[in-house]
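Report on the following structure.
The values are calculated or read from the model by the stated rules, or taken from the named source; none is laboratory data. Fair warning: this is a prediction, and the values are worked out from it, not measured in the lab. Cβ atoms come from the backbone with ideal geometry, glycine included; neighbour counts cover every protein chain shown. Areas reflect the complete protein model, heavy atoms only, side chains present, ligands, DNA and RNA absent. Shrake-Rupley method; radii C 1.70, N 1.55, O 1.52, S 1.80 Å.
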Amino acid sequence: GAKRAGRNRYRFFEPAMTLAAQARMALEMALRPALARSEFELHYQPRVDLRTMRVVGLEALLRWNSADLGRVSPGEFIGIAEETGLIVPIGRWVLEEACGQTRRLIERQGRAIRVSVNVSARQLAQAGFVDEVRDVLARTGLPAACLELELTESALIEDMARTAAMLDELRVLGVKLAVDDFGTGYSGLAYLRRLPIDILKLDRSFVLQDDGRISAFDFVKAFVDMAHALRLSVVAEGVETADVLEFLRAADCDEVQGYLMARPMPLDALEAWLDAATEG
Ligand code: C2E
Ligand code: MG
Ligand code: MG
Ligand code: MG
């Protein structure tokens, strides 16, 4: 009613409504219809086996080209999508699109390729999440072993008992489970022993310090050894230089991902890149 409109108008002109808050509101307004307007696209970044340097997987990364705001990076909109709950339908779309596109890519490439999909805590908290994953695999025909879900440490520890049960169900489906951005949060390997995790993705900051220098070798090597003892495979992300690649190879890391190998690309560019990589 009038009273509400009045209050809104008052709020809008209040000095406390900072530019940042207005920008956030504009983002949210543009984000709501984005899915229906088909403004999202997935880019894919290759993940490479450090021993053979062959591409073993791809990470699906969401891209938003907003009709109102232009290109907006995930760093700017994923947080808002999580807060508003919009991440649930958006994440469902990401999962379906990534599985369908990878299934067709596997057919054309004639070999198994695994796709990693980022999953937010909000999605994991949905009661029907495991069913959703099962349904998407059935609909798209992607083998479960070709799907990996990337979960963050904070999402995992939120409700440990419930999460563990859910991850067990996903594991039974044959889906692989990874902890993303490892080293940025709670950083305990101990709690991971209680969860059916297959892969640790080391955050860029794990290997590179704030001053840009490479971390202590003995520390990273000991960490990788410990992860291997727990039967975890170790992936390093954000690899930009040959120095870091050699460091990770010496530390016995399993797989690498980063601009040194390739940037995230649209599907057609990725396919051309894959074809060139196998011919070369
Ligand atoms: P993430 O899952 O840790 O993804 C890796 C990020 O590092 C990506 O940023 C990627 O483009 C970037 N990156 C790759 N190689 C390098 C490198 O060599 N150097 C540097 N400096 N960066 C590199 P992007 O695509 O901007 O995504 C940022 C974050 O947004 C992701 O971090 C992930 O947490 C989130 N995100 C992206 N797509 C999705 C999605 O579909 N769903 C959800 N829930 N989150 C997503
Ligand atoms: Mg990720
Ligand atoms: Mg990451
Ligand atoms: Mg990261």
As I understand it, the value is the acute angle between the Cα axis of helix 19-31 and the longest principal axis of the Cα atoms of the chain; what does it come to in degrees, rounded to 10? 80
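Provide the three semi-axes, in whole Å and in decreasing order, of the ellipsoid equivalent to the chain as defined by the square roots of 5 times the Cα gyration tensor eigenvalues. Intermediate results must be reported in sequence, preceding the final value.
On the way: eigenvalues 223, 104, 89 Å².
Semi-axes from the Cα gyration tensor: 33, 23, 21 Å.
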For the stretch 129-280, the fraction of alpha-carbon pairs in successive 10 Å shells from zero, as %: 10, 34, 34, 20, 2
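Loop-only chymotrypsin sites (Phe, Trp or Tyr not before Pro) in the stretch 214-280, please: DSSP not H, G, I, E or B, and at most 14 other Cβ atoms within 10 Å. Numbers along the way, then the final one.
Details: sites: Phe217, Phe219, Phe223, Phe247, Tyr259, Trp273; in loops: Tyr259.
Taking the stretch 214-280 and a limit of 14 other Cβ atoms within 10 Å, the loop chymotrypsin sites (Phe, Trp or Tyr not before Pro) found are Tyr259.
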Tell me the trypsin sites (Lys or Arg not before Pro) within the stretch 186-274 that lie in a loop according to DSSP and have at most 10 other beta-carbon atoms within 10 Å. Arg213, Arg231
For the stretch 62-147, what is one quarter of the convex hull surface built on the Cα atoms, given in nm²? 6.4
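At 222 nm, what value in deg cm²/dmol follows for the chain if DSSP H runs of at least 4 each add -39500 (n - 2.57) and the sum is divided by all its residues, to the nearest 500? Please list the in-between numbers first.
Working: 12 runs with 133 residues, N = 280.
Helix contribution divided over all residues of the chain: -14500 deg cm²/dmol.
Mind listing which trypsin sites (Lys or Arg not before Pro) in the stretch 62-112 are in a DSSP loop and have 15 or fewer other Cβ atoms within 10 Å?
Counting only loop positions with at most 15 other Cβ atoms within 10 Å, the trypsin sites (Lys or Arg not before Pro) in the stretch 62-112 are Arg111.
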Cα-based helix-to-principal-axis angle, 87-109 vs the chain, degrees rounded to 10: 40
Using only the alpha-carbon atoms, how far is helix 2-13 inclined from the longest principal axis of the chain? Give it as 0 to 90 degrees, nearest 10. 60
Euclidean distance of C-alpha centroids, the stretch 236-259 and the stretch 38-85, integer Å: 21
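Is the C-alpha gyration tensor of the stretch 46-95 telling us rounded, prolate or oblate? Criteria: a/c under 1.5 is rounded; beyond that, a/b larger than b/c is prolate, otherwise oblate. Please report the intermediate quantities before stating the final value.
On the way: a/c = 3.08, a/b = 2.14, b/c = 1.44.
Cα axes put the stretch 46-95 in the prolate bin.
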The extension gain from Asp131 to Gln109, computed as 0.36 nm times the residue separation minus the Cα-Cα distance, is 5.0 nm
For the stretch 188-230, the accessible surface attributable to carbon and sulfur atoms (probe 1.4 angstrom, ligands and nucleic acids excluded) amounts in percent to 53
On the accessible surface of the stretch 43-117, probed at 1.4 Å with all protein chains in place, carbon and sulfur together account for a percent value of 49
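How large is the accessible surface per residue of the chain, computed with a 1.4 Å probe and reported in Å² as a whole number?
Numbers: 14010 Å² over 280 residues.
Heavy-atom accessible area per residue stands at 50 Å².
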